[in-house]
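One structure below.
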Amino acid sequence: MDAVAARDEGQRALPIVIVGHVDHGKSTLVGRLLHDTDSLPEGKLAQLRAISDKRGVELEWSFLLDALQLERDQGITVDTTQIWFHTAKRRYVIIDAPGHKEFLRNMVTGASRAEAAVLVIDAKQGLSEQSRRHAYLVRLLGIEQVAVAVNKMDLVGYDEARFAAIAAEIRAYLAGLGLRAAAVVPVSARHGDNVAAAGASMPWYSGPSVVAALDGFAPRPPLVDQPLRLPVQDVYRLDDRRILVGRVESGRLRIGDALRINPTGRLARVAGIEDWNRSAPRREAIAGESVALTLDEEVFAERGHLLSAPHAPPLTASAIAARVFWLDEEPLAAGRRLQVRIGTREIDATVIGLEQAVSVENLAVSNVASLERGGVATALLHGVVPFAFDSFQDNASTGRGVLLQNGHVAGGFIVDRAIEIAQQRNLTAVAPTVTRAERERANRHRGGVIWLTGLSGAGKSTIANATLRRLFDAGWQAQFIDADNMRAGLSTDLGFGRSDRTENIRRVAHVAKLLAEGGTVALVALITPLRSHREVARAIAGEDFHEIYVSADLETCRARDPKGLYRLAEAREIAAFTGLASPYEPPVAPDLVLDTAASTVEQSVATLTAYVQRVLAPAEAEARPRGELRLAAAAS
C-alpha cells in the first residue's frame, strides 16, 4: 500500500460544493485543483491534452468534469459531478454544481450533503445577481463554512484594487446572510496561481491558497452522536421475512434496540441486521452506513417512513413552515399543490400561504402573494398526511428537502418550524350522543374500512359489491364506496393528475372513516395505485384500515376490460392510465390477497366475507344476543 492509500484508507472525505455563476470558471478551478494536488488518475492529463488538441483549443481544464457532450459544446455545466481528490491533510469529495440559471435545481440536490462551499466569482464581471443567488442558496442549505475564489485575475491584469473591491463586496453580502468567508483568494485557475500554491503574478497577496483554505475547514461533528434517524428506502420480502432497507442518517442501532416507526408511532425491535458479505453476524450499524433490517414482529412500514428510537422521535405535524428557494417557471402561490420530499418520503401537500420573501439582491424582506423563479420565501405547507422531520438546526438530513412538481424538482427548502393551521385552531369537534361502542353493540359487529386495491379489471368493485350483499343478508351494517360513484358526486371537481387523485383518496378515506366510526363496514373499491396513496388512507382511517390486494396480472385485466378503459387508454383517449402509462405499486404486506386470476368471483367473495366477519367480530361480551346484553346491563 502506498503512502497516499495508507493515509486515505478509512478516512471520510469532506464534501465540498463548488458554486458560482455560469462561465466564472468553476470547472476550470476544479480541474486545476485535481492536477495541482496530484489527484488525477494516471493518463488523464494526456487524455485531456488530446481532447484539447482535437478541438483546436488550449489545454482546457474544465473538460475533466464537463463529461457530457452538451456541456463541451455549449461551454456550461448542466449536471452535478462528484469527484474525489486529496491534499496532504485529508480526502475531499467535490460537488461541482451547475451555475447556469436553467440548472439551479441540480445544484439544490447536488449540494444537499456538502459541509463547506467554495464560491467562484469572475474578477472581471464581479458579484452578479446569480452569484448572490448561489451564496443565498448555500446559506439556505445550511452550509456555514465558505471560501471565495475570485477567479480570472489574469483577465484584469492581477489588479490588487479590483480584487480588494470584490472582496469587500462579497464579505459584506455574506455577512448579511450570517456567513463569514474563511478566506477570499485571488486566483487564476487557468495558470494555477493561488490554487494549490502562491503564484508569482500576485506578490501583494499573502493569504492562504484555495487548498489551504479547504484544509482549514472543520468536518461536522460525528452524526453517530445524534439521535437515530433512518429513512426507509424500500421494503423487500425474503422467504417469510420482511426486510427494511435504508441509510442511517444519524445515530446508531443494535440488534434488540426498540424502534419507533414515524409518523405511525408503531413500535418494534431490531431482530437482525442482514449482511450477506460478512462471515460473522452484524450486531450494529452507525451513521453513514446502509443497512437491511428485520423486525421482531409484522408492523406496517414502507418507503418514506422514518425510524427512530422511541425516546427521541422526530417532530410530526400536518403543516410546516419551510424556507423555500423556488426554481419552477410557474410562480409559487397559495393553493398550489405539489409533493414535499423529506428523506425518502414524498407527501402531497398544498401551499396555504407565503411570508417573509427575501430579495437576493439586497436581502430586503417583504410580503408577497406569489414567489417567482429564483426567489426565496417562507412557505406554509399542509400535507395530506403528517410530516416526520427535525428542525434543520437539530438535524440537517431530516430538516431539509425538495419540492416536486410532476416528478421534477421545483424548489429546495429547509424546515423552519411546525405550524398550527388557523382554520383548525377554531374548530371544535362535537361528540355524537350515540357512541361508537353503542352502535357496535347494537350491530353486533365492529366498524371498519375494508380497502380493496388493484388494477382496473382486477375485480375490486365486483367482489366488494357481492360481499356487501352477503354481509347485509347476514344482518351486518355495511356500505359500498366505488371510485366512479365518488367521482360522480363528492369528487366531481377533481381531475386525474397525481395531486387530484390524492385528494380524491383523502376524501374517500374520510367518508369511510365516518362510516366505520358509526359502526358500519365500509367496503371501498379504489385502484389507489401508489403505496403513498394507500398510506394517506391508512393514516386517516388508523387501526380501522384493512388493505385487501385484489391481484390479477395485466393481461388478465386487459382481457376482462369491463369498462373498456384499456381500449381507450391504448387509443390514447385516456392519459396516464394505471398499468400502462402509469405505474401500479403492489402492497408490500396486505392484510389479505385475493388472486382473481386463479380464483372465481364466488371464491373471492367467500374469502373476503369470512375475513371481514373474523376481524370485525365483536368482543366476547358484545357477542351475546341482544336479550342477554340487556339482562347483563340490568343486573349490573
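Based on what the data block shows, is A322 at pLDDT 90 or above, closer than 20 Å to S391 by Cα, in contact with an Asp or Glu (Cβ under 9 Å, 6 or more places away or on another chain) and among the aliphatic types (A, V, I, L, M)?
Details: at pLDDT 90 or above: yes; closer than 20 Å to S391 by Cα: yes; in contact with an Asp or Glu (Cβ under 9 Å, 6 or more places away or on another chain): yes; among the aliphatic types (A, V, I, L, M): yes.
Yes; evaluated as a whole, the condition is true for this residue.
Looking only at residues in region 240-261 that are aliphatic (A, V, I, L, M) and buried (at least 18 other Cβ atoms within 10 Å of the Cβ), which one is farthest from A312 (Cα to Cα)? Reasoning before the result, please.
We begin by selecting, within region 240-261, every residue aliphatic (A, V, I, L, M); these are 243-245, 248, 253, 255, 258-259, 261.
Checking which are buried (at least 18 other Cβ atoms within 10 Å of the Cβ) leaves us with 244, 248, 253, 259, 261.
Values: L244: 20, V248: 15, L253: 13, L259: 10, I261: 12 Å.
Of everything passing the filter in region 240-261, L244 is farthest from A312 (Cα to Cα).
Pairs under 6 Å by beta carbon, first residue not assigned by TED's automatic domain parsing to the domain that holds L514 in region 430-442, partner charged (D, E, K, R) and at pLDDT 90 or above, six or more apart or different chains?
R436/E517; E440/R446
Which members of region 358-382 meet the condition of being surrounded by fewer than 21 Cβ atoms within 10 Å (Cβ to Cβ), on the phi < 0 side of the Ramachandran plot and small (G, A, S)?
S359, A364, S366, A369, S370
Please enumerate the residues belonging to region 504-524 that are charged (D, E, K, R), more than 24 Å from R444 (Cα to Cα) and touching a residue at least 24 places away in the same chain (Cβ under 8 Å).
The first filter runs over region 504-524 and keeps only residues charged (D, E, K, R), leaving 506-507, 513, 517.
Okay, now just the ones that are also more than 24 Å from R444 (Cα to Cα), so 506-507.
Once the filter is applied, which keeps residues that are charged (D, E, K, R), more than 24 Å from R444 (Cα to Cα) and touching a residue at least 24 places away in the same chain (Cβ under 8 Å), region 504-524 yields only R506.
Return the residues of region 229-263 that are part of a strand (DSSP E or B), small (G, A, S) and over 17 Å from the mean Cα position of the chain (by Cα); say none if nothing qualifies.
If we filter region 229-263 for residues that are part of a strand (DSSP E or B), which is where we start, we get 229-238, 241-247, 250, 252-254, 258-262.
Among the residues that remain, those that are also small (G, A, S) are: 246, 250, 258.
Of everything in region 229-263, just one residue is part of a strand (DSSP E or B), small (G, A, S) and over 17 Å from the mean Cα position of the chain (by Cα), namely A258.
With the condition being buried (at least 21 other Cβ atoms within 10 Å of the Cβ), I'd like the strands (runs of 3 or more DSSP E) fully within region 284-352 carrying at least 2 qualifying residues. Give the steps one after another, and end with the answer.
Values: elements: 284-286, 290-295, 306-308, 315-326, 337-342.
Result: 290-295, 306-308, 315-326, 337-342.
Yes/no per residue for (1) out of contact with any Cys (no Cβ under 8 Å at 6 or more places or on another chain); (2) in the same structural domain as G251 (by TED's automatic domain parsing); (3) under 17 Å from I414 (Cα atoms):
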{"residue": "E298", "(1), (2), (3)": "yes, yes, no"}
{"residue": "F325", "(1), (2), (3)": "yes, no, yes"}
{"residue": "R341", "(1), (2), (3)": "yes, no, yes"}
{"residue": "I347", "(1), (2), (3)": "yes, no, yes"}
{"residue": "A364", "(1), (2), (3)": "yes, no, no"}
{"residue": "S370", "(1), (2), (3)": "yes, no, no"}
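Of a type in the set (D, E, K, R), assigned by TED's automatic domain parsing to the domain that holds T520, more than 30 Å from I261 (Cα to Cα) and surrounded by 14 or more Cβ atoms within 10 Å (Cβ to Cβ): does that describe R560?
Details: of a type in the set (D, E, K, R): yes; assigned by TED's automatic domain parsing to the domain that holds T520: yes; more than 30 Å from I261 (Cα to Cα): yes; surrounded by 14 or more Cβ atoms within 10 Å (Cβ to Cβ): yes.
For R560, the condition - of a type in the set (D, E, K, R), assigned by TED's automatic domain parsing to the domain that holds T520, more than 30 Å from I261 (Cα to Cα) and surrounded by 14 or more Cβ atoms within 10 Å (Cβ to Cβ) - is met.
Quick one: G411 ticks every box in (1) buried (at least 19 other Cβ atoms within 10 Å of the Cβ); (2) not assigned by TED's automatic domain parsing to the domain that holds A388 bar one, so which box is it?
Condition not satisfied by G411: (2).
Report, by residue number, each residue of region 544-568 that is acidic (D, E) and within 21 Å of I347 (Cβ to Cβ). Please lay out each step first, then the result.
Step one: filter region 544-568 for residues acidic (D, E), giving 544, 547, 553, 555, 561.
Answer for region 544-568, where residues must be acidic (D, E) and within 21 Å of I347 (Cβ to Cβ): just E547.
Take region 203-228 and flag every residue that is among the aliphatic types (A, V, I, L, M), under 16 Å from P15 (Cα atoms) and outside any loop (DSSP other than H, G, I, E, B). Give the derivation first.
Here is the first cut: in region 203-228, the residues among the aliphatic types (A, V, I, L, M) are 210-214, 218, 223-224, 228.
Filter once more, keeping what is under 16 Å from P15 (Cα atoms): 210-214, 218, 223.
Within region 203-228, V210, V211, A212, A213, L214, L223 qualify.
Please verify whether region 320-339 includes one or more residues that are among the aliphatic types (A, V, I, L, M) and over 30 Å from Q130 (Cβ atoms). If you could, list the steps in order and put the result at the bottom.
Let us first name the residues in region 320-339 that are among the aliphatic types (A, V, I, L, M), namely 320-322, 324, 327, 332-334, 338.
Narrowing further to those that are over 30 Å from Q130 (Cβ atoms): none.
Within region 320-339, none of the residues are among the aliphatic types (A, V, I, L, M) and over 30 Å from Q130 (Cβ atoms).
Can you pull out every residue in region 464-508 that is closer than 22 Å to E547 by Cβ and small (G, A, S)?
A464, A466, A478, A483, S491
Any residue at all in region 264-271 that is in a loop (DSSP other than H, G, I, E, B) and more than 17 Å from the chain's Cα centre (by Cα)? Spell out the reasoning first.
Of region 264-271, the ones in a loop (DSSP other than H, G, I, E, B) are 264-265.
Narrowing further to those that are more than 17 Å from the chain's Cα centre (by Cα): 264-265.
Yes; the residues of region 264-271 include at least one that is in a loop (DSSP other than H, G, I, E, B) and more than 17 Å from the chain's Cα centre (by Cα).
Please go through region 563-588 and pick out each residue that is aliphatic (A, V, I, L, M), surrounded by 15 or more Cβ atoms within 10 Å (Cβ to Cβ) and out of contact with any Leu (no Cβ under 9 Å at 6 or more places or on another chain).
Matches in region 563-588: L565, V588.
Somewhere in region 264-282, is a residue among the aromatic types (F, W, Y), touching a strand residue (DSSP E or B) at 6+ places or on another chain (Cβ under 6 Å) and more than 24 Å from F496 (Cβ to Cβ)? Full working, then the answer.
Step one: list which residues in region 264-282 are among the aromatic types (F, W, Y), which gives 276.
Next, only the ones that are touching a strand residue (DSSP E or B) at 6+ places or on another chain (Cβ under 6 Å) stay: none.
Checking region 264-282: not a single residue is among the aromatic types (F, W, Y), touching a strand residue (DSSP E or B) at 6+ places or on another chain (Cβ under 6 Å) and more than 24 Å from F496 (Cβ to Cβ).
Scan A396, A478, A464, A429 and give me the residue that is at pLDDT below 85, of a type in the set (A, V, I, L, M) and either over 30 Å from S250 (Cβ atoms) or touching a helix residue (DSSP H, G or I) at 6+ places or on another chain (Cβ under 7 Å) (or both). Give the derivation first.
Details: A396 fails: either over 30 Å from S250 (Cβ atoms) or touching a helix residue (DSSP H, G or I) at 6+ places or on another chain (Cβ under 7 Å) (or both); A478 fails: at pLDDT below 85; A464 fails: at pLDDT below 85.
Only one candidate passes the filter, namely A429.
Between a first residue in region 211-235 that is within 30 Å of P590 (Cα to Cα) and a second residue that is polar (S, T, N, Q) and in a loop (DSSP other than H, G, I, E, B), which pairs have beta carbons less than 7 Å apart while being 6 or more apart in sequence or on different chains?
R229/N395; R229/S397; R229/T398; P231/T344; V232/T344; Q233/T344
Of all residues in region 525-539, which are in contact (Cβ under 8 Å) with a residue 60 or more places away in the chain and closer than 15 Å to M486 by Cβ?
A525, L526, I527, T528, V536, A537
Return a yes/no flag: does region 184-193 have any residue that is part of a helix (DSSP H, G or I) and surrounded by 22 or more Cβ atoms within 10 Å (Cβ to Cβ). So that I can check it myself, show each step before the final result.
Initially, region 184-193 is screened for residues part of a helix (DSSP H, G or I), giving none.
So far as region 184-193 goes, no, none of its residues is part of a helix (DSSP H, G or I) and surrounded by 22 or more Cβ atoms within 10 Å (Cβ to Cβ).
Any residue in region 481-492 that is out of contact with any Lys or Arg (no Cβ under 8 Å at 6 or more places or on another chain), hydrophobic (A, V, I, L, M, F, W, C) and at pLDDT 90 or above? Lay out the reasoning, then the answer.
In the first step, residues of region 481-492 are kept if they are out of contact with any Lys or Arg (no Cβ under 8 Å at 6 or more places or on another chain); the result is 481-485, 487-489, 492.
If we keep only those that are hydrophobic (A, V, I, L, M, F, W, C) too, we end up with 481, 483, 488.
Restricting the remaining residues to those that are at pLDDT 90 or above gives 481.
Yes; the residues of region 481-492 include at least one that is out of contact with any Lys or Arg (no Cβ under 8 Å at 6 or more places or on another chain), hydrophobic (A, V, I, L, M, F, W, C) and at pLDDT 90 or above.
Scan (1) among the hydroxyl-bearing types (S, T, Y); (2) free of Cβ contacts under 8 Å to residues at least 60 places away in the same chain; (3) farther than 22 Å from Q226 by Cα for the single condition S290 breaks and write down its number.
Result: S290 fails condition (3) only.
Any idea which of G178, G199 is touching a residue at least 24 places away in the same chain (Cβ under 8 Å) and either touching a helix residue (DSSP H, G or I) at 6+ places or on another chain (Cβ under 9 Å) or part of a loop (DSSP other than H, G, I, E, B) (or both)? Give the steps one after another, and end with the answer.
On the way: G199 fails: touching a residue at least 24 places away in the same chain (Cβ under 8 Å).
Residue meeting the stated conditions: G178.
The values are calculated or read from the model by the stated rules, or taken from the named source; none is laboratory data. These numbers were taken from a predicted model, which means no experiment stands behind them. Neighbour counts are summed over all protein chains in view; Cβ atoms, including those assigned to glycine, are modelled from backbone coordinates with ideal geometry.
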